Amino acid sequence: MKMPVSDLPVETASGDAIELSPTLQGPASRRSTATAKEPESLETATGIHDRSNFCAPSLDQVTLVKRKREWSYPQGLRLEHNLHWAIGLLELANAGDFAANIWNDTPVPVYAIVFMAIGATAAGVLSVFAFRDASKAWHNVKFLRRQRRGLQDHKTQLLEEAQPTQQVDVFLDITKRELYTEVINRWGMDILMGGGAILISAGTYLAIGGANHKVWLASNILSGYVGNAPIALYGLVNSFWAVVMWRRKHSHSIAAKKQLQGTVALGIVKKYCFSVELFFALNGPTTLIGGVASMLAATRWWAYVILIPVIISSFFCNYWWRKRAGYDRPYLDLQTNMNAAGLVRALESAAEIRRAIQKGEAGDAWRQLVSDTGSLSTVLDFLVDHGMFETFALRLVEDLRVRTILCDDATDRVDMGVDGLLALPDHHQAIILDTAAQFIRKEGPKHFEHRQRFIAEVLGTYLSKVDTESNPREEEKLDVTQAVSSQST
């Protein structure tokens, strides 16, 4: 049973709305009729869409828009993993008022004025990064809310038809976690800490003119408790959410150990759960301690010493999330009879594809992944099945050689679909095939690493729900065992 894409509009980068046509619900309705050769290796990797009961395909048609000389696909089309590294330095902005609070007297020493100017400027610059990142996070929030509405409507329909809802419950659980994480760990952090950084910056600049009593008083208010209050509030809320998320991922790890013994997938799920657990184990206390220290720093100089490890930990958490725990994904697509065996195959296949691209020679890896590298239809099927078509379409319009084939240089909007690419002349298809091979070699490892994390999230959630029932169903255990046996043979 396929869940239709929501009829709600998706915003383009320019703010325009694009209706998702029912014909863009996914690739299942459009499958290649090309004769596929049996791949030389990576059998499971090349046949996920047919052999497993889980896949997360991308749309087979997308509208691309041009804004400020850059092309992008509509905002809200997929969950994007685009956290900026500078956000890890927001705790540094928290300490930007150190000179104003330490040398809180008049006349202000010259060296203190220099430190105040540096701290205030740093806090102000970081607030700009925070609000820019908040805008990106909000697009993800809208995407997840739209998807949750679609899933909830689908669940209501299943209940009315007296159909099982376990699969949609799994996806509702996942999107709830993604939504709250995006709201609390990113959007909320950007707004509260970015807002606090602006107040701290303004108060620190005012401290330079502290010889005026009214200016001195305003500076103390802004760079003191008022400026640091949003940071403390964020630390309190985020620490609570960190506990919730740590317990959730720990339950996933326990469920996987019970039900995935003897599979490669067990190691992948455990590694992913550990990465997320470590992030929240550090992020929660870091923001809580940072919030407390920021309030103390208004009157206690030694509180800035506490902020030193907080700043280091915050930057590490940002790096860890970007490189080891976060992921992007397309719009979720409900399949019929999703089960543990299918999820195990999909997860292990994604890991195998990533290893093949990383370790194999360029040409050999490409031939292993795609059964017929000379068939554009087969190559596009691979990209759609593995959730890469939207990103590939973006790569096509960014490549000047290909863009001249697809559209006029003056245009700022392109509708690109699989059927349209297959209708191109053979010599143009050859250029697109070459671009696809380069795209896979360059973007493939990162894409399949994100895909691996996402499938590990789905599998962990599914197993945890099974585990919360009285006992894992015997057929679930049997399915996983059979999957392992079939792969070993």
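The values are calculated or read from the model by the stated rules, or taken from the named source; none is laboratory data. Everything quoted here is computed from the prediction, not taken from an experiment. For neighbour counting, all protein chains shown are included, and Cβ atoms are generated from backbone atoms with ideal geometry for every residue, glycine included.
When you check Leu421 against the structure, is it modelled with pLDDT under 90 and hydrophobic (A, V, I, L, M, F, W, C), yes or no? The answer is no for Leu421. One residue alone among Leu222, Leu260 is buried (at least 22 other Cβ atoms within 10 Å of the Cβ) and without any contact (Cβ under 8 Å) to a residue 60 or more places away in the chain, and that residue is Leu222.
Exactly one residue among Ala86, Ala122 is over 30 Å from Val170 (Cα atoms), part of a helix (DSSP H, G or I) and out of contact with any helix residue (DSSP H, G or I) (no Cβ under 6 Å at 6 or more places or on another chain), and that residue is Ala122.
Residues of region 368-391 that are within 28 Å of the chain's Cα centre (by Cα) and among the acidic types (Asp, Glu): Asp381, Asp385, Glu390.
Among the residues of region 319-333, is there at least one that is more than 23 Å from the chain's Cα centre (by Cα) and in a helix (DSSP H, G or I)? Before the answer, list the steps.
We begin by selecting, within region 319-333, every residue more than 23 Å from the chain's Cα centre (by Cα); these are none.
For region 319-333, residues more than 23 Å from the chain's Cα centre (by Cα) and in a helix (DSSP H, G or I): absent.
Looking across region 154-205, the residues that are among the charged types (D, E, K, R), out of contact with any helix residue (DSSP H, G or I) (no Cβ under 6 Å at 6 or more places or on another chain) and either within 17 Å of Gly88 (Cα to Cα) or touching a residue at least 12 places away in the same chain (Cβ under 8 Å) (or both) come down to Asp169, Lys176, Arg177.
If we keep just the residues of region 89-124 that are surrounded by fewer than 16 Cβ atoms within 10 Å (Cβ to Cβ) and aliphatic (A, V, I, L, M), which is nearest to Ile311 (Cα to Cα)? In this case the residue turns out to be Ile118.
Test of understanding: among Val292, Val269, Val310, Val276, which residue is in a helix (DSSP H, G or I), under 21 Å from the mean Cα position of the chain (by Cα) and closer than 21 Å to Tyr234 by Cβ? First the steps, then the outcome.
Values: Val292 fails: under 21 Å from the mean Cα position of the chain (by Cα); Val269 fails: closer than 21 Å to Tyr234 by Cβ; Val310 fails: under 21 Å from the mean Cα position of the chain (by Cα).
Exactly one of Val292, Val269, Val310, Val276 is in a helix (DSSP H, G or I), under 21 Å from the mean Cα position of the chain (by Cα) and closer than 21 Å to Tyr234 by Cβ, namely Val276.
When Asp333 is tested against the conditions (1) modelled with pLDDT of 95 or more; (2) out of contact with any Leu (no Cβ under 7 Å at 6 or more places or on another chain); (3) under 24 Å from Ala56 (Cβ atoms); (4) not hydroxyl-bearing (Ser, Thr, Tyr), the lone failure is (1).
Total residues in region 156-180 satisfying the condition of being surrounded by fewer than 20 Cβ atoms within 10 Å (Cβ to Cβ) and within 25 Å of the chain's Cα centre (by Cα): the figure is 8.
Please find, within region 373-409, the residue that is modelled with the highest pLDDT out of those that are charged (D, E, K, R) and not in a helix (DSSP H, G or I). Before you say what the answer is, go through the steps one by one.
So the first thing to find is which residues in region 373-409 are charged (D, E, K, R), and the list is 381, 385, 390, 395, 398-399, 401, 403, 408-409.
Then keep just the ones that are not in a helix (DSSP H, G or I); that gives 399, 408-409.
Working: Asp399: 86, Asp408: 79, Asp409: 75.
Here the residue is Asp399.
Does Leu158 satisfy being among the aliphatic types (A, V, I, L, M) and farther than 30 Å from Tyr111 by Cα? Considered against the rule, which asks whether it is among the aliphatic types (A, V, I, L, M) and farther than 30 Å from Tyr111 by Cα, Leu158 comes out as yes.
Each row is one residue, and each column tells you yes or no for (1) over 25 Å from Phe280 (Cβ atoms); (2) outside any helix (DSSP H, G or I); (3) not hydrophobic (A, V, I, L, M, F, W, C).
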position	(1), (2), (3)
Gln147	no, no, yes
Val168	yes, no, no
Trp187	no, no, no
Ala207	yes, no, no
